[in-house]
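The values are calculated or read from the model by the stated rules, or taken from the named source; none is laboratory data. Predicted, not measured: the structure shown is a model, and the values here were computed from it. Because the Cβ atoms are built from the backbone with ideal geometry, glycine has one as well, and the counts that use them run over all protein chains shown. Ligands, DNA and RNA are excluded from the accessible area calculation, which covers all protein heavy atoms including side chains. Shrake-Rupley method; radii C 1.70, N 1.55, O 1.52, S 1.80 Å.
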Amino acid sequence: MSTEDSHPTRDEIEDRIRQVGTYSRAVRAGYLVILIAFLLAVGGVLPANLDSVSQAIESILLPLIFVGLGLILYGIGMHLHLMHLNLVRQLEGNATDDPQSAEDRSD
């Protein structure tokens, strides 16, 4: 097993970091789809099942679960997005450091 294959190069890492905005937009689009599906369920299914409380709860329970999971996944996605932004900030800081400042830190 080659160590070159197991560790991406700095250029590959920087290319992936440049794509973090795309991933963030995908997370937001997925969350938006879940919210639209929930609103469609509330607007289309709930009025037909208002005969009893149990039917109303049953008709809206699954969409509520999906919205809850969507919120969880949105939070995870945004957390990962912020972690990537932090990594970008750290890499940009390392790229602008000069050798003199690196020697000062080691002392």
Inset, instruction - Look through the stretch 27-70, keep the residues that are touching a residue at least 12 places away in the same chain (Cβ under 8 Å), open to solvent by less than 90 Å² (accessible area, probe 1.4 Å) and within 25 Å of Arg16 (Cα to Cα), and return whichever of them is nearest to the chain's Cα centre (by Cα). - result: Val27
Inset, instruction - Within the stretch 4-14, work out how many residues are open to solvent by 80 Å² or more (accessible area, probe 1.4 Å) and modelled with pLDDT of 70 or more. - result: 3
